[in-house]
Structure formats: C-alpha cells, structure tokens
Amino acid sequence: MGSVISTAKVAANALFGSKNFTLMMVGLDNTGKTSLLSRLKRREGTTLPPTIRTIMIGFNIESISYGQHTIQIWDFGGSETIRQIAHCYYWHGHAFAFVVDAAAPARLAEAKDELERVWLETENQYPFLVIANKMDLVGAADLFVVEEALGIQRLARSGRAIALKGVSALNGDGFDEVLEWLVQNISYTVIARRG
C-alpha cells in the first residue's frame, strides 16, 4: 500500500515539475563535504559558519530547496571507519555525490580507489556526480586532471549518468551547475522506487 501512495505522490510531483529526493554525499576526509553542505544550506553570504568535523558525529543530514525541488542531503564523514559503514545507509539515496579535494592532487589515487568502491556499491540507475571542491585554491588541479586521475570516462561507459563538476564551498562557485545536474538527472521513476 505504501508504494501505491508513494507512486501517486511522485506522479503528482511529476505533473507539477517538483522533485523531492535524497542525495548521499561521500568521499575521503578533509575534502570539504560538510562545508559544501553548509554552503548549500546558506547560499548567501561570504563567510561560512564553523563546521564540526563529521569524524566526531558520523554524518549530517540537511534539507535544502532549489527552485521548486527539495533535496535531503546526507553528508558522511570521510574517515576510513565511517566510509566502511556508510554503505549500510545507501538504500536511502536517490543520487550520489563523491567529493574530492582538487587542492590535494596527491590524494587523487586514493580518491579513485574509494570512488570505484562506492560506484560498485551503488545501483546503476542512480545518478552519480563527482564534485571537485576547493577549485578556488592556488594549486588546485584543473577538471581535466581530476577527470583523468579518477577514470571518470571509463565509468561513463557503463551508461550510468555520471558527471564531474568543479565548485568552491568557500565562495559558492559552481553550485547552480551541481544542483541543476542533479535535478535533471534524477528520474521520477527512481524517486518512486525508493519512496
């Protein structure tokens, strides 16, 4: 009975163009996931409030509005311990974002291993966005370097919706492109399936 209600609700949302979905945001530690979440929650302003590292609490959950859409974001800590258990929560998600630190190119090989693990642990119908954060910092790798280092073209050959977007949590650059890609690539069918 619950799926009928969920399907009817999603069908009504499709009629009016709104989407309500959950984004699972994962990645290595110190990539700025919590700062991204904070910037998404507070789009205006030049300074971000201090954040509590998710290593202390495991994950954060916030809901944001983007136009007529509502996105619930789960921000998972990047410590190895938390990454090992995060997959237990993936069933809540409709889409996935993997965050990398573009200003730490020495960690891209480690990020590639983690990205591939998450890619395999998530189902093919759910869109997957790679977010290169800290693009505003001196020494940040450009998107072509990040794309090559992470093997994104190889992953794209699977047919699954995947993209790479560059952002700055500090100043908010690139956030509209991220949100628009998510809204465009999450289907009403996927939303109905997860309810």
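Report the residue count in the stretch 84-131 for those that are within 15 Å of W74 (Cβ to Cβ), over 12 Å from the mean Cα position of the chain (by Cα) and part of a loop (DSSP other than H, G, I, E, B).
Of the residues in the stretch 84-131, 1 are within 15 Å of W74 (Cβ to Cβ), over 12 Å from the mean Cα position of the chain (by Cα) and part of a loop (DSSP other than H, G, I, E, B).
When the stretch 161-176 is examined, which residues are found to be open to solvent by 30 Å² or more (accessible area, probe 1.4 Å) and within 19 Å of T31 (Cα to Cα)?
Within the stretch 161-176, L164, K165, L170, N171, D173 meet the criteria.
Checking the structure you have, find out if any residue of the stretch 124-135 is modelled with pLDDT of 95 or more and surrounded by fewer than 18 Cβ atoms within 10 Å (Cβ to Cβ).
No, the conditions are met nowhere in the stretch 124-135.
Which condition does E180 not pass, out of (1) within 23 Å of N20 (Cβ to Cβ); (2) open to solvent by less than 40 Å² (accessible area, probe 1.4 Å), if it passes all the others?
For E180, the failing item is (2).
Take the stretch 57-68 and flag every residue that is modelled with pLDDT under 60 and touching a strand residue (DSSP E or B) at 6+ places or on another chain (Cβ under 8 Å).
None; the set is empty.
Yes or no, residue by residue, for (1) open to solvent by 60 Å² or more (accessible area, probe 1.4 Å); (2) closer than 19 Å to I71 by Cα; (3) at pLDDT below 90; (4) outside any strand (DSSP E or B):
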{"residue": "A14", "(1), (2), (3), (4)": "no, yes, yes, yes"}
{"residue": "S18", "(1), (2), (3), (4)": "no, yes, no, yes"}
{"residue": "T22", "(1), (2), (3), (4)": "no, yes, no, no"}
{"residue": "V26", "(1), (2), (3), (4)": "no, yes, no, no"}
{"residue": "N30", "(1), (2), (3), (4)": "yes, no, no, yes"}
{"residue": "R39", "(1), (2), (3), (4)": "no, yes, yes, yes"}
{"residue": "G45", "(1), (2), (3), (4)": "no, no, yes, yes"}
{"residue": "P49", "(1), (2), (3), (4)": "no, no, yes, yes"}
{"residue": "I55", "(1), (2), (3), (4)": "yes, no, yes, yes"}
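Hey, any hits in the stretch 91-98 for a residue that's touching a Lys or Arg at 6+ places or on another chain (Cβ under 7 Å), crowded, with 18+ Cβ neighbours inside 10 Å, under 25 Å from H69 (Cα atoms) and not acidic (D, E)?
Checking the stretch 91-98: at least one residue is touching a Lys or Arg at 6+ places or on another chain (Cβ under 7 Å), crowded, with 18+ Cβ neighbours inside 10 Å, under 25 Å from H69 (Cα atoms) and not acidic (D, E).
Is it fair to say G151 is out of contact with any Leu (no Cβ under 6 Å at 6 or more places or on another chain), open to solvent by less than 50 Å² (accessible area, probe 1.4 Å) and either without any contact (Cβ under 8 Å) to a residue 40 or more places away in the chain or farther than 15 Å from G27 by Cβ (or both)?
yes
Within the stretch 69-83, work out how many residues are modelled with pLDDT of 95 or more, farther than 17 Å from L129 by Cα and either polar (S, T, N, Q) or part of a loop (DSSP other than H, G, I, E, B) (or both).
Selection size over the stretch 69-83: 1.
The values are calculated or read from the model by the stated rules, or taken from the named source; none is laboratory data. Quantities reported herein were computed from a predicted structural model and do not represent experimental measurements. We place every Cβ from the backbone using ideal geometry, glycine too, and count neighbours over all the protein chains shown. Remember, those area values only see protein heavy atoms, side chains included, never the ligands or the DNA or RNA. Shrake-Rupley method; radii C 1.70, N 1.55, O 1.52, S 1.80 Å.
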